[in-house]
Number of protein chains: 2
Amino acid sequence: MDFVMVLGLLAATITTFSFFPQVLKTWQTKSAKDVSYIMLISFNTGIFLWLLYGIALKSLPIILANSVSLVFNLIILWLKIKYR
Amino acid sequence: MDFVMVLGLLAATITTFSFFPQVLKTWQTKSAKDVSYIMLISFNTGIFLWLLYGIALKSLPIILANSVSLVFNLIILWLKIKYR
């Protein structure tokens, strides 16, 4: 595995799991009023399209990174609706 | 340009510009206490690595999407520090 591949996998892992602390924070504080609805809805839509793109390309890294990111971001959206 | 390419470009455009409403909201409400610091710092780090990955691959879509996302997310982080 070359350096560029490692760089890409590292980038994908970090951006994907960066949403976990936000899930945790929102769940603990029971508040997400400062998080934009338009951001969450458009970001979830965009990640879903990335997932379809990964499926079309049969690219496992794109599929994995975006399914996990989609789950985290749907949870953040759900928590925001729940605690509004 | 084929359908898969259009799908990828659409996904990149939507995820990139989804951060703009968050910038606007934080700037208007002068509050980002519900936005996680760990999320912002790790997400900015991840996007920066995506940018390096794009430069290594000489991929203009990856470079463009991630430079714009990085600018938006650095502004969100800066606003969060400013209004803390």
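The values are calculated or read from the model by the stated rules, or taken from the named source; none is laboratory data. Note that this is a predicted model, so its numbers are computed, not measured. Ideal geometry is used to build each Cβ from the backbone, glycine not excepted, and the neighbour counts take in all protein chains shown. Accessible surface is based on the protein model in full, side chains and every heavy atom, while ligands, DNA and RNA are left aside. Shrake-Rupley method; radii C 1.70, N 1.55, O 1.52, S 1.80 Å.
Within the stretch A:51-66, work out how many residues are surrounded by 20 or more Cβ atoms within 10 Å (Cβ to Cβ), facing chain B (nearest Cβ under 7 Å) and of a type in the set (Gly, Ala, Ser).
Looking only at that region, the number is 0.
Just to verify a result, which residue in the stretch A:28-50, among those that are more than 11 Å from the chain's Cα centre (by Cα) and β-branched (Val, Ile, Thr), is nearest to the other protein chains (Cβ to nearest Cβ)?
Only one residue tops the list, namely A:Ile38.
Residues to consider are A:Met1, A:Met5; find the one that is assigned to a helix (DSSP H, G or I), more than 7 Å from chain B (Cβ to nearest Cβ), farther than 27 Å from B:Val23 by Cβ and modelled with pLDDT under 95.
A:Met5
Cβ-Cβ under 8 Å, sequence separation 6+ or interchain: first residue in the stretch B:1-13 and within 16 Å of A:Ile62 (Cβ to Cβ), partner open to solvent by 90 Å² or more (accessible area, probe 1.4 Å) and of a type outside the set (Ser, Thr, Tyr). Which pairs?
Every condition considered, the pairs that remain are B:Ala12/B:Leu64.
Against the definition (modelled with pLDDT under 95, of a type in the set (S, T, N, Q) and open to solvent by less than 30 Å² (accessible area, probe 1.4 Å)), how does B:Ser31 come out, yes or no?
no
Taking A:Ser69 and the conditions (1) within 12 Å of the chain's Cα centre (by Cα); (2) facing chain B (nearest Cβ under 8 Å), which numbered condition does it fall short on, given that it satisfies the others?
(2)
How many of the residues making up the stretch A:1-27 are open to solvent by 70 Å² or more (accessible area, probe 1.4 Å) and over 19 Å from the mean Cα position of the chain (by Cα)?
4
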